[in-house]
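The values are calculated or read from the model by the stated rules, or taken from the named source; none is laboratory data. The model shown is predicted, which means the values in this text are computed figures rather than measured ones. Reconstructed Cβ throughout: ideal geometry from the backbone, glycine too, with neighbour counts over all protein chains shown. For accessibility, only protein heavy atoms count, side chains too; no ligands or nucleic acids. Shrake-Rupley method; radii C 1.70, N 1.55, O 1.52, S 1.80 Å.
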Amino acid sequence: NACMDITPFQYRIKDKNTLLAAYMPFVKNGGLFLKGVALPMGSPVGLLVAIPGESMKFGLEGKVVWVNATGMNLGVGVQCTESPSLLHFKVKTEALLAGLDRTKNATYTL
């Protein structure tokens, strides 16, 4: 059963700059970088994500598609799988990040 192998994480993003650094719009369905997490490529992950200005947490699932094992930003990038919660998360996240320039702010995946 694949469900029992999912690694669960609670991820509270406190401000827009942290959200900008962690959000990965360039992967299919979008994703998040989990700083300080070590998991092998392809690992299934369950996320309970809180973002600034939202009282509701978003339940997301995905898999590890990016591993950064060296440098300052150790961690993994998780590509989200499609779900109604993901669509709501993306709409809220992209609205929060509207107007912020990704090219001028360092992201965790650099």
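Remark: relative contact order (the chain) = 30 percent; criterion is Cα-Cα distance under 8 angstrom and separation of 6 or more residues.
Considering the chain, its Cα convex hull presents a mean projected area of 6.8 nm². Within the shell defined by Cβ-Cβ distances under 11 Å, the residues around PRO52 carry a net charge of +2, with Lys and Arg each +1 and Asp and Glu each -1.
The fraction of accessible area contributed by carbon and sulfur in the stretch 18-84 is 60 percent, rounded to a whole number (1.4 Å probe; ligands and nucleic acids excluded). Annotation: peptides 53-65, 6-18, ranked by per-residue average of other Cβ atoms within 10 Å with the highest first, follow the order 53-65, 6-18.
The helix-only estimate of mean residue ellipticity at 222 nm for the chain, built from DSSP H runs of length n ≥ 4 each weighted as -39500 (n - 2.57), is -5500 deg cm²/dmol after division by the residue total.
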